[in-house]
Amino acid sequence: MPLTIEPIRAASELLGRVAGRHERVLESYWNESRHTFGVHGSTDSGDHLTTTATCILSFLDGPGRALPFFLQTNAAALDSWFLSSEWKSEDLREHNPYTTSLAIAALSGVEASTLTDAKVQGGLAFLADCAGPAGVSLQNYPPSGFLTYWTYRALVGASDRGAPGPSLVEPVQRGISGAANWGEQELRRQVSAFVCDDFDVFDPLQLAYAMAIVDHAAARAGRRANHATISKVLEIIFSSQLPNGLWSKGLPIFHYSALGSVYPFSFETLNALLHVGQRPTSGESVWGDLFAPYLPQLMRAVAWVEAHEIQGSEARGWRSNNLPSASEPDAWATAMVLTFVESLNALVNEIVRQDTLRGFEATPAKVKRGDATRDTWTALELGVTRIRGGSEQQVKHVLFDILVGPHLSRTTKAKAWSAILYGPPGTGKTTLAREIASTLGWPLVVISSGDFLAEGADRMGHEAVAIFKRVARLRETVVFIDEVEEFVRDRAEAPDYPQRLITTAMLTLLQTLREAESVVLLFATNHVKTFDPAIMRPGRFDLIALIPPPSLSEKLRFLRESLTAAKLDTPSSIDDLKEPQRSTVERATFNEWRRITDEIKALLEATPVDRDMRSAINRLLDQFGDSLVISAGDWTEWKTRETIVY
């Protein structure tokens, strides 16, 4: 879908400003001594279990999926507080599907070990019994999408962490399946009601929760998002939006005897809906495409957010539009609003990212290889490199340890974001970039020198700025820039002033992109010696990796395996190569060595078995020696080069 970037960028800036307040605003409701969130501020008395659970879930269920520092440092106290509190809300009994589902969902994200506690196990047994094809309800109200969704999420969260005891494994799985079945049935029921104009039955919030359950179950089972179904459901839901940006409150979930009926807050529902279509670990990227047509409607909800912020006596925030007007914001409603804004900001960024990737004609992302190791992450035949100040290592080990592995790890915080891959022509630098992107499960953008020259040589600097501005919209993408020598040439050797300006501009662009830590940037070159010295200093690139041809031992292993597969014996002379034949084998790229191997196979097949092959093989290698990409003289110089790790 064609996008007008400027309005979307303006929306992103607005959303970013509000989303950036998430932690700061909710911390103003946090009571440090009681280890709980107050409803209207930090000095509220009483234990507010559902408010506290909702505030925790606003961090865990949002794009960041992590607790802020002030909650991380109180995780153990939070666990103890949850386990010692009554799981009730106002006059709702202990162990009801409202408080129990929110409590267990929150605990699943705070500390998995707590889930084995008897209180949690009892709660899981209760929720498993509640969940079923009939949905989850409370106080004889009809089945509630809100309750069924959070019961399902609590059971799934606990199950995925191995929490249910032996006697609960089967009941919990039955409960998960039952809730998922309800979601499918309710989705069909609500769509049918809408199509038939049966507005006594149709409830857009119920439809949203049903869709969220169905898609979550599909993602958990490894199935792709059902684009047609999701698109139709979104069309129906957003066509039901009210002029104020929210939705009608629909049927009550339950009621409090003193406070009256309780309804889903539109932002709670939007948060569930905005999970639909996400497949962060599968390589599937439909989330942005699904929601892009409804950005204007989502921004109408943002307009409600802007217009209804309240400054209370202790804290700023929002109240649900389903509650009577008052001067004090509620922590739980504030948490839901901030999570929505944060999620929408992530969605807008994803829409811009996908549009940018299409503009670059990027290679789509593949499934992340989380089980990759330094030995298995690539099948490429890479050589050996000497680390400056260290010993020789396999190139694939260096690249994995410094560049690939940290991005696969959930715990490693220090990550490399840029590397120069330099070496002789034909050593597989472009293929290596594809392997890095494939292992990470990220898209690959390839930019060549022709892209910088698209508007002519005199506009090269302007085009570089434009390209890097587009790259800055990306995240979790491998950007491979090939043949870059002309854009980072040593300014002291540059023939003219415009060339020096281009190098200076490129230095600034590289620094900005590296500091953003959003894409892995790979420069490929055969001539790193022509680079400006400032490019090679720490801070712009994390790794300067020599990519040589495969080592002599790797090539001979490939030859033996190829001959064995062809049922041919390996001549003994292969293991005792002399100069200049040994140098010929060493400097052959992998593709060149593949051709040489084919010639050796043909030679052996045409030669009597008992004949001495040394002379014939030496002549064959001599014939190839002068035509190899790397000359004998260049090879002597390449063997002195090193890999630099900053």
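Residue count for region 45-97 under the criterion of being more than 25 Å from the chain's Cα centre (by Cα) and assigned to a loop (DSSP other than H, G, I, E, B): the result is 18. Taking each residue of region 352-368 that is touching a residue at least 60 places away in the same chain (Cβ under 8 Å) and under 13 Å from Val446 (Cα atoms) and looking for partners that are of a type in the set (Val, Ile, Thr) and buried (at least 20 other Cβ atoms within 10 Å of the Cβ) with beta-carbon atoms closer than 6 Å, six or more apart or interchain, yields Phe360/Val445; Ala362/Val445. Considering the conditions (1) of a type in the set (S, T, N, Q); (2) surrounded by 22 or more Cβ atoms within 10 Å (Cβ to Cβ); (3) assigned to a helix (DSSP H, G or I), Gln278 is excluded by exactly one of them, (3).
Name the one entry in Ser231, Ser177 that is surrounded by 14 or more Cβ atoms within 10 Å (Cβ to Cβ), more than 25 Å from Thr54 (Cα to Cα) and out of contact with any Gly (no Cβ under 6 Å at 6 or more places or on another chain).
Ser231
Any chance region 206-219 includes a residue that's modelled with pLDDT under 95 and open to solvent by 20 Å² or more (accessible area, probe 1.4 Å)? Yes, the conditions are met somewhere in region 206-219. When Gly450 is tested against (1) touching a Gly at 6+ places or on another chain (Cβ under 9 Å); (2) among the small types (Gly, Ala, Ser); (3) surrounded by fewer than 16 Cβ atoms within 10 Å (Cβ to Cβ), just one condition goes unmet, and that condition is (1).
Restricting to region 364-374, give me the number of residues that are open to solvent by 70 Å² or more (accessible area, probe 1.4 Å) and not charged (D, E, K, R).
Our first condition is that a residue be open to solvent by 70 Å² or more (accessible area, probe 1.4 Å); within region 364-374, this holds for 364, 366-369, 371, 374.
Imposing the further condition that a residue be not charged (D, E, K, R) reduces the set to 364, 367.
Within region 364-374, residues that are open to solvent by 70 Å² or more (accessible area, probe 1.4 Å) and not charged (D, E, K, R) number 2.
Inside region 436-489, residues that are part of a loop (DSSP other than H, G, I, E, B) and at pLDDT below 85 make up a count of 7.
For region 426-435, a residue qualifies if it is open to solvent by 10 Å² or more (accessible area, probe 1.4 Å) and either in contact (Cβ under 8 Å) with a residue 60 or more places away in the chain or not in a helix (DSSP H, G or I) (or both), and the qualifying residues are Gly426, Thr427, Gly428, Lys429, Thr430, Arg434. Residue count for region 188-205 under the criterion of being in contact (Cβ under 8 Å) with a residue 40 or more places away in the chain and either open to solvent by 20 Å² or more (accessible area, probe 1.4 Å) or small (Gly, Ala, Ser) (or both): the result is 2. Within region 407-425, restricting attention to residues that are in contact with a Phe, Trp or Tyr (Cβ under 8 Å, 6 or more places away or on another chain) and assigned to a loop (DSSP other than H, G, I, E, B), the residue that is surrounded by the most Cβ atoms within 10 Å (Cβ to Cβ) is Gly423.
Here region 319-374 is the region considered, the condition is being hydroxyl-bearing (Ser, Thr, Tyr) and outside any loop (DSSP other than H, G, I, E, B), and the residue that is nearest to the chain's Cα centre (by Cα) is Ser343.
One residue stands out in region 491-512 among those that are at pLDDT 80 or above, closer than 14 Å to Ala534 by Cβ and polar (S, T, N, Q): the one that is surrounded by the fewest Cβ atoms within 10 Å (Cβ to Cβ), namely Thr508.
Do we find a residue being in contact with a Ser or Thr (Cβ under 9 Å, 6 or more places away or on another chain), on the phi < 0 side of the Ramachandran plot and outside any helix (DSSP H, G or I) anywhere in region 549-560? Yes, region 549-560 has at least one match.
Where residues in region 1-23 are among the charged types (D, E, K, R) and modelled with pLDDT of 75 or more, which of them is nearest to Thr356 (Cα to Cα)? Per the criteria, the residue is Arg17.
Pull up region 375-386, narrow it to residues that are in a loop (DSSP other than H, G, I, E, B) and crowded, with 16+ Cβ neighbours inside 10 Å, then point me to the one that is modelled with the lowest pLDDT. Break it down stepwise before answering.
Step one: filter region 375-386 for residues in a loop (DSSP other than H, G, I, E, B), giving 375-383.
Still in the list and also crowded, with 16+ Cβ neighbours inside 10 Å: 377-378, 380-383.
On the way: Trp377: 94, Thr378: 91, Leu380: 84, Glu381: 79, Leu382: 85, Gly383: 87.
If we take residues in region 375-386 being in a loop (DSSP other than H, G, I, E, B) and crowded, with 16+ Cβ neighbours inside 10 Å, then Glu381 is modelled with the lowest pLDDT.
Return yes or no: is Thr525 under 21 Å from Pro406 (Cβ atoms), open to solvent by less than 60 Å² (accessible area, probe 1.4 Å), in contact with a Phe, Trp or Tyr (Cβ under 9 Å, 6 or more places away or on another chain) and not hydrophobic (A, V, I, L, M, F, W, C)?
Values: under 21 Å from Pro406 (Cβ atoms): no; open to solvent by less than 60 Å² (accessible area, probe 1.4 Å): yes; in contact with a Phe, Trp or Tyr (Cβ under 9 Å, 6 or more places away or on another chain): yes; not hydrophobic (A, V, I, L, M, F, W, C): yes.
Here the answer is no, as Thr525 does not meet what is asked.
Set side by side, the residues Val156, Val120, Val136, Val110 differ, and just one is open to solvent by 10 Å² or more (accessible area, probe 1.4 Å) and among the aliphatic types (A, V, I, L, M), which is Val110.
Checked against the criterion of being exposed (fewer than 12 other Cβ atoms within 10 Å of the Cβ), under 30 Å from Asp451 (Cβ atoms) and aliphatic (A, V, I, L, M), region 387-405 has no qualifying residue.
Among Leu559, Leu577, Leu546, Leu563, which is the only one that is surrounded by 17 or more Cβ atoms within 10 Å (Cβ to Cβ) and in contact (Cβ under 8 Å) with a residue 60 or more places away in the chain? Explain how you work it out, then say what you get.
On the way: Leu559 fails: in contact (Cβ under 8 Å) with a residue 60 or more places away in the chain; Leu577 fails: in contact (Cβ under 8 Å) with a residue 60 or more places away in the chain; Leu563 fails: in contact (Cβ under 8 Å) with a residue 60 or more places away in the chain.
Leu546 is the lone residue from the list that is surrounded by 17 or more Cβ atoms within 10 Å (Cβ to Cβ) and in contact (Cβ under 8 Å) with a residue 60 or more places away in the chain.
Restricting region 24-81 to residues that are surrounded by fewer than 17 Cβ atoms within 10 Å (Cβ to Cβ) and among the basic types (Lys, Arg) leaves a set whose member that is modelled with the lowest pLDDT is Arg65. Looking at region 230-242 only, could you name the residues that are part of a helix (DSSP H, G or I) and not hydrophobic (A, V, I, L, M, F, W, C)? Answer for region 230-242, where residues must be part of a helix (DSSP H, G or I) and not hydrophobic (A, V, I, L, M, F, W, C): Ser231, Lys232, Glu235, Ser239. Residues that are in contact (Cβ under 8 Å) with a residue 40 or more places away in the chain and in contact with a strand residue (DSSP E or B) (Cβ under 6 Å, 6 or more places away or on another chain) do occur in region 618-641. Answer with yes or no whether Ser327 is in contact with a Gly (Cβ under 7 Å, 6 or more places away or on another chain), among the polar types (S, T, N, Q), more than 18 Å from Ala212 (Cβ to Cβ) and at pLDDT below 95. Spelling it out, Ser327 is indeed in contact with a Gly (Cβ under 7 Å, 6 or more places away or on another chain), among the polar types (S, T, N, Q), more than 18 Å from Ala212 (Cβ to Cβ) and at pLDDT below 95.
The values are calculated or read from the model by the stated rules, or taken from the named source; none is laboratory data. Computed from a prediction, not measured in an experiment: that's the story for all the values here. FYI the Cβ positions are ideal-geometry reconstructions off the backbone, even for glycines, and counts take in every protein chain you see. In case anyone asks, the SASA skips ligands and DNA or RNA and just uses the protein heavy atoms, side chains included. Shrake-Rupley method; radii C 1.70, N 1.55, O 1.52, S 1.80 Å.
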